[in-house]
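This report refers to the structure that appears directly beneath it.
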Amino acid sequence: MEFFSGIQHPHLDIPALKNLLTIDNLPSLCASISSTTPDSDNAGNIYCLWGAFSLRRDEIRNGVRYALLDCPHALTWTITADEANEALIVHCTIDKAQPDPEFAESIEMFVSDWSDGMRNALARQAGCFTPGVAGSFTQSKGAGSN
């Protein structure tokens, strides 16, 4: 199943975005993440709303991908600029088409916390900290749905 949210933010600086999205910074960017312990730039441990996990971080073309390596649902998420570089996308996936409703709600909260955290971080970088100034959109999509 897929979950995603977007923040309208034209002309994102991709290198600056990647520098912001370090393992050390995750707790300050997402309220669902309590703590992280980096082992390297791209690996470490994370304690989040679902418990403790090994974490992998990979820089990809327009942002960063994270994976909870020992998560029983193969949870991964990306923080990327969209193709037109007009919005920031938070995209999260799991390996179940029909997850337990409580688990799906917790993932929606996780994505929302990421969206809120990134909106605030981008506003601070722009020097105009006003939470919620950027537009946003959210959608969850199960496998096979339109």
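The values are calculated or read from the model by the stated rules, or taken from the named source; none is laboratory data. Source: prediction; values computed, not measured. Cβ placement follows ideal geometry from the backbone for every residue including glycine, while neighbour counts extend to all protein chains displayed.
Give the stretch 80-95 a look and list any residue that's of a type outside the set (Asp, Glu) and in contact with a His (Cβ under 9 Å, 6 or more places away or on another chain), or say none.
Answer for the stretch 80-95, where residues must be of a type outside the set (Asp, Glu) and in contact with a His (Cβ under 9 Å, 6 or more places away or on another chain): Thr80, Ala81, Asn85, Ala87, Leu88, Ile94.
When you scan the stretch 2-20, how many residues do you find that are touching a residue at least 40 places away in the same chain (Cβ under 8 Å) and over 15 Å from Val111 (Cα atoms)?
10
Tyr47 passes all but one of (1) out of contact with any Leu (no Cβ under 8 Å at 6 or more places or on another chain); (2) within 20 Å of His91 (Cβ to Cβ); which number fails?
Of (1) out of contact with any Leu (no Cβ under 8 Å at 6 or more places or on another chain); (2) within 20 Å of His91 (Cβ to Cβ), only one is false for Tyr47: (2).
Give the residues of the stretch 14-39 that are closer than 20 Å to His73 by Cβ and either out of contact with any Asp or Glu (no Cβ under 9 Å at 6 or more places or on another chain) or not in a strand (DSSP E or B) (or both), sorted by residue number.
Leu26, Cys30, Ser32, Ser34
Looking at the stretch 21-41, I want the residues that are over 17 Å from Gly51 (Cα atoms) and have a partner that is assigned to a strand (DSSP E or B) with Cβ atoms under 6 Å, at least 6 apart or on another chain. Which pairs are those?
From the stretch 21-41, the pairs are Leu21/Val64; Leu21/Ile79; Asp24/Pro38.
Looking at the stretch 5-13, is at least one residue under 15 Å from the mean Cα position of the chain (by Cα), among the β-branched types (Val, Ile, Thr) and not in a strand (DSSP E or B)?
No, there is no match, as no residue in the stretch 5-13 is under 15 Å from the mean Cα position of the chain (by Cα), among the β-branched types (Val, Ile, Thr) and not in a strand (DSSP E or B).
Scan (1) surrounded by 18 or more Cβ atoms within 10 Å (Cβ to Cβ); (2) within 15 Å of Val111 (Cα to Cα); (3) not aromatic (Phe, Trp, Tyr) for the single condition Ala31 breaks and write down its number.
Exception for Ala31: condition (1).
With Ile23, Ile60 as the choices, which residue is more than 30 Å from Pro101 (Cβ to Cβ), exposed (fewer than 14 other Cβ atoms within 10 Å of the Cβ) and modelled with pLDDT of 95 or more?
That would be Ile60, the only listed residue that is more than 30 Å from Pro101 (Cβ to Cβ), exposed (fewer than 14 other Cβ atoms within 10 Å of the Cβ) and modelled with pLDDT of 95 or more.
What strands (runs of 3 or more DSSP E) lie completely within the stretch 40-129 and have 1 or more residues being under 11 Å from the mean Cα position of the chain (by Cα)?
Ranges flagged: 63-68, 76-81, 87-93.
So in the stretch 96-127, with the set limited to residues that are aliphatic (A, V, I, L, M) and either crowded, with 18+ Cβ neighbours inside 10 Å or in contact with a His (Cβ under 7 Å, 6 or more places away or on another chain) (or both), which one is farthest from Met1 (Cα to Cα)?
Ala123
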